[in-house]
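Written out below as structure tokens is the structure these notes cover.
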Amino acid sequence: MTVQKTVFVTTAPFGVFAFSDNGELMRFELFDKAPKKALEQYEKGAQTLIEQLGEYSITESGLAYNILRKKLRELGVLLQFQSNESFNAFISEFCFYQSRSKMRLVFSKDKFMIQANNALDDIGKISNLMSERLKEWFGLHYPESRLSYKELVKHVATYGSREKFPGFIESVGLDLPEEDIVVIQSYAQAIEKIYEEKRRLEGYIKTSIKELMPNSSSLIDELLLAKIIASAGSIERLARFSASSIQLIGAEKALFRHLRKQGKSPKFGMIFMSSWIQAATDEQKGKIARILSAKLMQSIRIDFYSGRDESQRLRKELEDDIKKADR
């Protein structure tokens, strides 16, 4: 039985490289010398070279990245650029095009997220208003009902008249003819569809925020983060905020009242809805808010400027800092 040899494949700005487990360069494929074209090839990945290594077991792992990182300049000068100056110029221009490409993606995506968040707010207001109307309307028929808005919507949409509700005994409410029941049941079913659309939109926002801001979304709820981005206006603008500014996003009116000496200085804005602060005692909420906003400032900048996934480290540091604050 023949055992396949393993090669470790990774991609650099100027090419794709395959190494043995002892760091020997097995095979490579160089990109175009023009940084802009090289970026296009870089984004396509290592698939072409992998197809040429059919006799090997292919692994794309951190080992190949570590080997390449140590030999990056040496390989670049030897195989492609012939001098350190040419290598430096290529890397500098490559990074410029890559950063611009990432920033364009972020700019377009965060605008979509802001619109999606605003749409979610609109749906929330509409569903609340319609649910309140249903409660008042159906209350004429069944005033004894103690169901919550969502439970009432579900019951009316499913059963229609009060007599069909599970556990119904009697009521002093108005008796309604069948044509009235049909109308009010149809109204409840329309609210259910709005609830369903709200859940779908929430799922879309959560998924998109995790992809767009993996570090920041590991620290606070994705929907809360989307609200903070929408309030700031863009991720780019948010990345320039200080920790104290992030802490007070959403509390601008209270802050202005304080500056006019018409109220106390606010301790937090939207960040107050974070589970970290909600779980803290009243005495600790302000301290936890400062710790969380400082870590968010760091994570937002990493998400926007570098795109590195350091979510585990940031989450662990936040947990440790909060534990220290509780002592």
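The values are calculated or read from the model by the stated rules, or taken from the named source; none is laboratory data. What you see is a predicted model, and the numbers here were worked out from it, not measured in a lab. As a convention, Cβ positions derive from the backbone with ideal geometry for all residues, glycine included, and neighbour counts pool all protein chains shown.
Each residue in segment 151-190 was checked for being over 19 Å from R133 (Cα atoms), in contact with a helix residue (DSSP H, G or I) (Cβ under 9 Å, 6 or more places away or on another chain) and not in a helix (DSSP H, G or I), and 4 pass. When we screen K227, K206, K193 for residues that are in the same structural domain as S274 (by TED's automatic domain parsing), among the basic types (K, R) and out of contact with any Ser or Thr (no Cβ under 6 Å at 6 or more places or on another chain), the only hit is K227. Tell me, yes or no, whether segment 257-266 has at least one residue that is modelled with pLDDT of 90 or more, in the same structural domain as S299 (by TED's automatic domain parsing), out of contact with any Gly (no Cβ under 6 Å at 6 or more places or on another chain) and of a type in the set (S, T, N, Q). No, every residue in segment 257-266 fails to be modelled with pLDDT of 90 or more, in the same structural domain as S299 (by TED's automatic domain parsing), out of contact with any Gly (no Cβ under 6 Å at 6 or more places or on another chain) and of a type in the set (S, T, N, Q). Scanning segment 289-307 for residues that are free of Cβ contacts under 8 Å to residues at least 40 places away in the same chain and surrounded by fewer than 16 Cβ atoms within 10 Å (Cβ to Cβ) yields a single hit, S306.
Does any residue of segment 272-286 turn out to be more than 24 Å from K316 (Cβ to Cβ), modelled with pLDDT under 90 and loosely packed, with under 13 Cβ neighbours inside 10 Å? Scanning segment 272-286 turns up at least one residue that is more than 24 Å from K316 (Cβ to Cβ), modelled with pLDDT under 90 and loosely packed, with under 13 Cβ neighbours inside 10 Å. Is it the case, given these coordinates, that D32 is over 31 Å from the mean Cα position of the chain (by Cα), within 19 Å of C95 (Cβ to Cβ), of a type outside the set (S, T, Y) and not in a strand (DSSP E or B)? So D32 fits the description; yes.
Quick grid of which residues meet (1) surrounded by 13 or more Cβ atoms within 10 Å (Cβ to Cβ); (2) touching a strand residue (DSSP E or B) at 6+ places or on another chain (Cβ under 8 Å); (3) farther than 30 Å from E310 by Cα:
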| position | (1), (2), (3) |
| --- | --- |
| Q115 | no, no, no |
| L120 | yes, no, no |
| H155 | yes, no, yes |
| K164 | no, no, yes |
| E178 | no, no, yes |
| Q185 | yes, no, yes |
| T207 | no, no, no |
